[in-house]
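Participant: First the structure, which I've put down as C-alpha cells, then a few questions once you've had a look.
The values are calculated or read from the model by the stated rules, or taken from the named source; none is laboratory data. Worth saying up front: this structure is predicted, and the values here are computed from it rather than measured. Here Cβ is always computed from backbone atoms with ideal geometry, including for glycine, and neighbour counts include all displayed protein chains.
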Amino acid sequence: MQSKDRIVLALDVDTKNEALELVGKLSDHVGVFKVGMQLFNTTGPDIVKEINDLGGKVFVDLKFHDIPNTVGSAARVLTRLNSYMFNIHAAGGKKMMEQAAKDTLNEAEKLGKNSPLLLAVTVLTSISQKELEEEMFISDLKIPELVEKWALMAKQSGVTGVVCSPQEIEIIRKACGSDFVIVTPGIRPSWSEQNDQKRITTPRQALELGADYMVIGRPITEAKDPVEAAQSIIEELEA
Ligand code: C5P
C-alpha cells in the first residue's frame, strides 16, 4: 500500500462546500475521506457520490448498532452507495456483525463490485475503566481484554477489521493476525497541536505498531497549508 493511501482525512465540517473544498485540494494527497455523523446528517448520502466524483474514496463513519436485520439492511445501502469502508459496534453482538458482513458481501456480489471494508468499533476510547464498571456493569474485564475479545469476535463474524486506539493496535494485531484491517485515530505528527486528543502517537509510531490506516483530521484540515501538511505526513511514513 502507498503511504498516501493509509491516510484517512476526517471531514469534521458542517457544510458540503467546506467538505468538497477539502476533497478537491487533497484527493491526490490522502487515500480516504471520512464522513461522520456531523457531515452525513447535514448533507445526506449524496455526499458519498460527490466525493467519489472528485476522485476520493469514502469511510462512512456512522457506527451502526441495532437489531441484525436493521444493521444488515443499512449495510446493503452503504454498499450500494459505494462506501469504501463503514463501521458497526461490536457491542451489537455476533449475530448483528454476521448479518452485516453477510449482507455487505451479498450486495457487493450482486452489484459486481468490490466489497466495502466492514469495520467494528470495540470499546470507544472515550470510555474509562470506571465507566465500564459503573455504567455498563462489565466488572470482570479490563478494557484491553474486552477489546481483544470483541476484535476476535468481529473477525470470527466475517468483519474485515476494527477501528481502535493506537494503544490497542498490538493486542489486536497479535490476536487477529496480519490480514485483519486496523484503522486508528489519535494521530498527531510531532509538529502539530495535540488539541483534545489524549493518548496520541505519531503517524510513524502507528505504522510501526501495525496500523493499516490512520484517521487524521485537524493536523491537516487546520494547517496553514493542508497539502503541505499531508505531504509531510507521507514523508514521515516513508522515512
Ligand atoms: O482532528 P482529529 O485528528 O482529532 O480527528 C480524529 C477523528 O477521528 C475525528 O473524526 C474523531 O471523531 C475520530 N475518532 C477519534 N477517536 C476515536 C474514534 C474516532 O478521534 N476513538
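Participant: Of these, LEU117, LEU111, LEU124, which one is under 16 Å from the mean Cα position of the chain (by Cα) and modelled with pLDDT of 95 or more? Outline the logic, then answer.
Facilitator: Values: LEU111 fails: under 16 Å from the mean Cα position of the chain (by Cα); LEU124 fails: modelled with pLDDT of 95 or more.
Of the residues listed, the single one that is under 16 Å from the mean Cα position of the chain (by Cα) and modelled with pLDDT of 95 or more is LEU117.
Participant: Name every residue in segment 177-199 that is touching a helix residue (DSSP H, G or I) at 6+ places or on another chain (Cβ under 7 Å), within 12 Å of the ligand (Cβ to nearest atom) and assigned to a loop (DSSP other than H, G, I, E, B), in order of residue number. Don't jump to the end; show me each part of the working.
Facilitator: Keep residues of segment 177-199 that are touching a helix residue (DSSP H, G or I) at 6+ places or on another chain (Cβ under 7 Å), which gives 180, 182, 184, 186-189, 192, 195, 199.
Subsequent filtering for residues that are within 12 Å of the ligand (Cβ to nearest atom) retains 184, 186-189, 192, 195, 199.
Of everything in segment 177-199, those that are touching a helix residue (DSSP H, G or I) at 6+ places or on another chain (Cβ under 7 Å), within 12 Å of the ligand (Cβ to nearest atom) and assigned to a loop (DSSP other than H, G, I, E, B) turn out to be GLY186, ARG188, PRO189, SER192, ASN195, ARG199.
Participant: Sticking with this structure for a sec: Please find, within segment 201-231, the residue that is farthest from the ligand (Cβ to nearest atom) out of those that are assigned to a loop (DSSP other than H, G, I, E, B) and closer than 21 Å to ASN87 by Cβ.
Facilitator: From segment 201-231, those assigned to a loop (DSSP other than H, G, I, E, B) are 202, 210-212, 217, 222-225; that's our starting set.
Adding the requirement that they be closer than 21 Å to ASN87 by Cβ leaves 210-212, 217.
On the way: GLY210: 17, ALA211: 13, ASP212: 15, GLY217: 3 Å.
Top of the filtered list is GLY210.
Participant: Follow-up. Within the set of pairs 6 or more residues apart or between chains, which connect a residue that is without any contact (Cβ under 8 Å) to a residue 24 or more places away in the chain inside segment 120-131 to a residue that is assigned to a loop (DSSP other than H, G, I, E, B) and more than 9 Å from the ligand (Cβ to nearest atom) with Cβ atoms less than 9 Å apart?
Facilitator: Qualifying pairs under 9 Å: ILE127/GLU135; ILE127/MET136; GLN129/LYS142.
Participant: Hey, among VAL48, VAL71, VAL8, which residue is touching a Lys or Arg at 6+ places or on another chain (Cβ under 8 Å), of a type in the set (Val, Ile, Thr), surrounded by 18 or more Cβ atoms within 10 Å (Cβ to Cβ) and under 24 Å from VAL159 (Cβ atoms)? Walk me through it before giving the result.
Facilitator: Numbers: VAL48 fails: touching a Lys or Arg at 6+ places or on another chain (Cβ under 8 Å); VAL71 fails: touching a Lys or Arg at 6+ places or on another chain (Cβ under 8 Å).
Result of the check over VAL48, VAL71, VAL8: VAL8.
Participant: Kindly indicate the residue of segment 137-163 that is small (Gly, Ala, Ser) and out of contact with any Ser or Thr (no Cβ under 8 Å at 6 or more places or on another chain) and also surrounded by the fewest Cβ atoms within 10 Å (Cβ to Cβ) among those meeting that condition.
Facilitator: Applying the first criterion (small (Gly, Ala, Ser)) to segment 137-163 yields 139, 151, 154, 157-158, 161.
From the residues that got through so far, the ones that are out of contact with any Ser or Thr (no Cβ under 8 Å at 6 or more places or on another chain) too are 139, 157-158, 161.
Working: SER139: 9, SER157: 21, GLY158: 15, GLY161: 23.
Of everything passing the filter in segment 137-163, SER139 is surrounded by the fewest Cβ atoms within 10 Å (Cβ to Cβ).
Participant: Name the residue that is surrounded by the most Cβ atoms within 10 Å (Cβ to Cβ), counting only residues in segment 16-36 that are within 16 Å of the ligand (Cβ to nearest atom) and either at positive phi or over 13 Å from the mean Cα position of the chain (by Cα) (or both). It would help to see each step written out before you state the result.
Facilitator: Of the residues in segment 16-36, the ones within 16 Å of the ligand (Cβ to nearest atom) are 18-19, 22-23, 26, 29-36.
After this cut, where a residue has to be either at positive phi or over 13 Å from the mean Cα position of the chain (by Cα) (or both) as well, the list is 18-19, 22-23, 26, 29-30.
Working: GLU18: 14, ALA19: 23, LEU22: 22, VAL23: 22, LEU26: 22, HIS29: 18, VAL30: 27.
Here the residue is VAL30.
Participant: Just to check your reading of the model, which residue among SER83, SER165 is in contact with a Pro (Cβ under 9 Å, 6 or more places away or on another chain), among the hydroxyl-bearing types (Ser, Thr, Tyr), without any contact (Cβ under 8 Å) to a residue 40 or more places away in the chain and under 25 Å from VAL8 (Cα atoms)? Break it down stepwise before answering.
Facilitator: Working: SER165 fails: without any contact (Cβ under 8 Å) to a residue 40 or more places away in the chain.
On inspection, the qualifying residue turns out to be SER83.
Participant: While we're looking at this one, here's another question. Assess whether ASP46 counts as being more than 27 Å from VAL30 (Cα to Cα) and more than 16 Å from the ligand (Cβ to nearest atom). Steps first, answer last, please.
Facilitator: On the way: more than 27 Å from VAL30 (Cα to Cα): no; more than 16 Å from the ligand (Cβ to nearest atom): yes.
Spelling it out, it is not the case that ASP46 is more than 27 Å from VAL30 (Cα to Cα) and more than 16 Å from the ligand (Cβ to nearest atom).
Participant: Can you tell me which residue within segment 106-128, out of those that are surrounded by 15 or more Cβ atoms within 10 Å (Cβ to Cβ) and assigned to a helix (DSSP H, G or I), is farthest from the ligand (Cβ to nearest atom)?
Facilitator: The extreme case among them is ASN106.
Participant: Now for a separate question. Starting from segment 41-62, take each residue that is without any contact (Cβ under 8 Å) to a residue 12 or more places away in the chain and list its partners that are not in a strand (DSSP E or B), counting only C-beta distances under 9 angstrom and pairs at least six apart or across chains.
Facilitator: Qualifying pairs under 9 Å: ASP46/LYS16.
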